[in-house]
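> Got a structure here, written out as structure tokens. Questions coming.
The values are calculated or read from the model by the stated rules, or taken from the named source; none is laboratory data. Since this is a predicted model, take the numbers as computed values, not measurements. Cβ atoms come from the backbone with ideal geometry, glycine included; neighbour counts cover every protein chain shown. We work out accessible area using only protein heavy atoms, side chains counted, and drop any ligands, DNA or RNA first. Shrake-Rupley method; radii C 1.70, N 1.55, O 1.52, S 1.80 Å.
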Amino acid sequence: MAQRSLCCQQKKKAMVVFGTRPEAIKMCPLIQELSRYSELDTVVCVSGQHRELLDQILDFFQVVPNYDLEIMKDRQSLNDITSAILLKIKPILEQEKPDIVLVHGDTPTAFAGALAAFYARIPVGHVEAGLRTYDMDSPFPEEFNRTAVGLLASYHFAPTEWARDNLLREGKPKDSVWVTGNTVIDAMKTTISPDYTDENLQWAKGSRLVLLTAHRRENLGEKHEEIFRAIRRVVDELPDVKVLFPVHPNPAVRDRLKVLQDSPRIRMIEPLDVRKFHNYLAHAYLVLTDSGGIQEEASGMGKPTLVLRDVTERPEGLWAGTLRLAGTQEDTVHQTFHLLMTNPGEYEKMSLLSKNPYGDGNACQRIAQVLLERL
Ligand code: UD1
Ligand code: UDP
């Protein structure tokens, strides 16, 4: 017993805090990597900002959290999320006394987790650091959250050189920023199989499959309706197009789906587990999304993707040619989507990718090495 506690005292402890689907997809591979090192104890604390979406991912990666703050409420406000996490995580930080708290990206879970660690004088490591649009309204509130986490963090794990340069321009010390690649590319190594098929893919066989997702807070309501009207028009115009739309559980998204109903070539389905989703991406002809992470995944596969937003914090895919901004207005979305589906030259321009701009699949290893050397 005495020997065990002596050994544990020498170990360093990393607490990983996350709560939404995309954070889980990008942090579970890191948890798996950190767990390989005997020099590190890894404690997992989920906020439960998402419930079903989070549990789906935890199950897939077989990650069992040590703590679950269980904060999700129906139609939760940003105040609900932030205040609940700040209050509930405090005693856990006091009990665990980690040497570092690792958060991811841009959610209120990341912001509140980092703020609580900062108040407890625990260093913060920011995974997927340095993404910026420099527009606080878009995406809202993510641009604030990631910028604020950047202020609180002393370890910045930037996925790309562009993200690193943003951080250096903001004055972060050079030796606190590492370019690691995005951990989502690591996750994709475990999910995609060339021979994958299922009933939805069988349904789409012989047609051009368009994979759609939509959930951004600043697009909720009227903007989503405009986007959905544009998509419906293209589907009605082009008989070889089928749309699969895994619908986010947010009731504010589900309130606006009427225009997509009653088409035999549009399927609205429950959120997919990540293995299914990645394999659907691999089979898709085109991706339509206002998501952040899907931009990385789709461009990583060289899959033409129309981003249903006016700006992106992931310009590398624009530069590589696989991403194009389609905005949120019905006519613009219709025009861009229709063009891609009817002009092979335009489509070809977007489907040529020689190198994945978001990473090489070894991001988790790089982050672990930094922690082992620096903690
Ligand atoms: C959140 C993040 C967003 C991220 C997205 C990924 C914030 C402010 N937004 O947005 O950055 O892109 O997750 O999906 O952090 N709900 C469920 N079950 C779930 C998840 C959500 O019922 O598993 C419903 C609840 O009613 C909840 C609502 O969706 O109140 C909104 O969830 P919330 O986490 O606040 O926002 P998202 O739009 O999911
Ligand atoms: N995703 C999933 N099932 C779905 C839709 C998306 O597993 O039905 C995954 C997708 O592969 C990506 C992540 O969810 O890794 C993106 O999450 P989301 O779009 O919700 O959030 P964002 O990236 O915009 O923050």
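> Count, please, the residues in the range 171-198 that happen to be in contact with a helix residue (DSSP H, G or I) (Cβ under 7 Å, 6 or more places away or on another chain), away from ligand 1 (no atom under 16 Å from the Cβ) and β-branched (Val, Ile, Thr).
Matching residues across the range 171-198 total 6.
> So, one more: Please specify each residue of the range 33-54 satisfying the condition of being open to solvent by 20 Å² or more (accessible area, probe 1.4 Å) and within 16 Å of ligand 2 (Cβ to nearest atom). If you could, list the steps in order and put the result at the bottom.
Restricting attention to the range 33-54, the residues satisfying the condition of being open to solvent by 20 Å² or more (accessible area, probe 1.4 Å) are 33, 35-39, 41-42, 50-52.
Those that are open to solvent by 20 Å² or more (accessible area, probe 1.4 Å) and within 16 Å of ligand 2 (Cβ to nearest atom): 50, 51, 52.
> Could you list all residues from the range 190-207 that are more than 20 Å from the chain's Cα centre (by Cα) and either open to solvent by 50 Å² or more (accessible area, probe 1.4 Å) or under 15 Å from residue 250 (Cβ atoms) (or both)? Walk me through how you get there before you give the answer.
Here is the first cut: in the range 190-207, the ones more than 20 Å from the chain's Cα centre (by Cα) are 193-207.
The answer is 194, 195, 197, 199, 202, 205, 206.
> Looking at residue 70, is it within 12 Å of ligand 2 (Cβ to nearest atom), of a type outside the set (Phe, Trp, Tyr) and surrounded by fewer than 16 Cβ atoms within 10 Å (Cβ to Cβ)?
So residue 70 fails the test.
> I'm checking my understanding of the structure. Among residues of the range 85-125 that are of a type in the set (D, E, K, R) and part of a loop (DSSP other than H, G, I, E, B), which one is nearest to ligand 1 (Cβ to nearest atom)?
106
> Then there's this: What are the residue pairs meeting all of these: first residue in the range 252-274, first residue among the small types (Gly, Ala, Ser), second residue within 16 Å of ligand 2 (Cβ to nearest atom), Cβ atoms under 7 Å, and 6 or more apart or on different chains?
So the pair list comes out as 252/220.
> Tell me, which residue of the range 73-83 that is surrounded by 14 or more Cβ atoms within 10 Å (Cβ to Cβ) and more than 21 Å from the chain's Cα centre (by Cα) is nearest to residue 51 (Cα to Cα)?
Ranking the candidates gives 80 first.
> Shifting gears a bit: Somewhere in the range 45-66, is a residue modelled with pLDDT of 95 or more, of a type outside the set (A, V, I, L, M), part of a helix (DSSP H, G or I) and within 17 Å of residue 114 (Cα to Cα)?
no
> Okay, next question. Does residue 155 qualify as being in contact (Cβ under 8 Å) with a residue 40 or more places away in the chain and either within 21 Å of residue 66 (Cβ to Cβ) or over 18 Å from the mean Cα position of the chain (by Cα) (or both)?
It is true that residue 155 is in contact (Cβ under 8 Å) with a residue 40 or more places away in the chain and either within 21 Å of residue 66 (Cβ to Cβ) or over 18 Å from the mean Cα position of the chain (by Cα) (or both).
> In the range 333-364, which residues are within 13 Å of residue 322 (Cα to Cα) and part of a helix (DSSP H, G or I)? Working first, answer last.
Restricting attention to the range 333-364, the residues satisfying the condition of being within 13 Å of residue 322 (Cα to Cα) are 340, 346-358.
Correct list: 340, 346, 347, 348, 349, 350.
> Just for the range 213-246: of the residues that are within 12 Å of ligand 1 (Cβ to nearest atom) and open to solvent by 10 Å² or more (accessible area, probe 1.4 Å), which one is farthest from residue 106 (Cα to Cα)?
Within the range 213-246, the match that is farthest from residue 106 (Cα to Cα) is 246.
> Here's something else I'd like to know. What are the pairs, 6+ residues apart or on separate chains, where a residue within the range 13-35 that is free of Cβ contacts under 8 Å to residues at least 12 places away in the same chain has its Cβ under 7 Å from a residue that is within 11 Å of ligand 2 (Cβ to nearest atom) and in a helix (DSSP H, G or I)?
Correct list of pairs: empty, since none qualify.
> Tell me which residues, restricted to the range 134-148, are touching a residue at least 40 places away in the same chain (Cβ under 8 Å) and more than 16 Å from the chain's Cα centre (by Cα).
If the condition is that a residue be touching a residue at least 40 places away in the same chain (Cβ under 8 Å) and more than 16 Å from the chain's Cα centre (by Cα), then 135, 137 are the ones that fit.
> Any idea which residue in the range 279-316 is most open to solvent (accessible area, probe 1.4 Å), counting only those that are under 20 Å from residue 360 (Cα atoms), more than 16 Å from ligand 1 (Cβ to nearest atom) and small (Gly, Ala, Ser)?
282
> Still on this structure, I have one more. Name every residue in the range 171-189 that is more than 27 Å from residue 21 (Cβ to Cβ) and open to solvent by 70 Å² or more (accessible area, probe 1.4 Å), in order of residue number.
So the first thing to find is which residues in the range 171-189 are more than 27 Å from residue 21 (Cβ to Cβ), and the list is 171-176.
Passing the criteria: 173, 174, 175.
> Oh, and also: Here is a check on your reading of the model: is residue 86 more than 16 Å from ligand 2 (Cβ to nearest atom) and open to solvent by less than 60 Å² (accessible area, probe 1.4 Å)?
In short, yes.
> Any chance you could count how many residues in the range 251-270 are within 12 Å of ligand 1 (Cβ to nearest atom) and surrounded by 18 or more Cβ atoms within 10 Å (Cβ to Cβ)?
Residues in the range 251-270 being within 12 Å of ligand 1 (Cβ to nearest atom) and surrounded by 18 or more Cβ atoms within 10 Å (Cβ to Cβ): 1 in total.
> Out of all the residues in the range 244-251, is one or more of a type in the set (Val, Ile, Thr), within 24 Å of the chain's Cα centre (by Cα) and farther than 17 Å from residue 291 by Cα?
Checking the range 244-251: not a single residue is of a type in the set (Val, Ile, Thr), within 24 Å of the chain's Cα centre (by Cα) and farther than 17 Å from residue 291 by Cα.
> With (1) within 27 Å of residue 51 (Cα to Cα); (2) more than 15 Å from the chain's Cα centre (by Cα); (3) not aliphatic (A, V, I, L, M) as the list, and residue 169 as the residue in question, which single condition is left unmet?
Condition (1) is where residue 169 drops out.
> I want to confirm something. Restricting to the range 138-170 and keeping residues that are within 16 Å of ligand 1 (Cβ to nearest atom) and surrounded by fewer than 20 Cβ atoms within 10 Å (Cβ to Cβ), which single residue is nearest to residue 116 (Cα to Cα)?
148
> Can you say whether residue 369 is of a type in the set (S, T, N, Q), farther than 17 Å from residue 216 by Cβ and over 21 Å from the mean Cα position of the chain (by Cα), as far as the supplied structure shows?
For residue 369, the condition - of a type in the set (S, T, N, Q), farther than 17 Å from residue 216 by Cβ and over 21 Å from the mean Cα position of the chain (by Cα) - is met.
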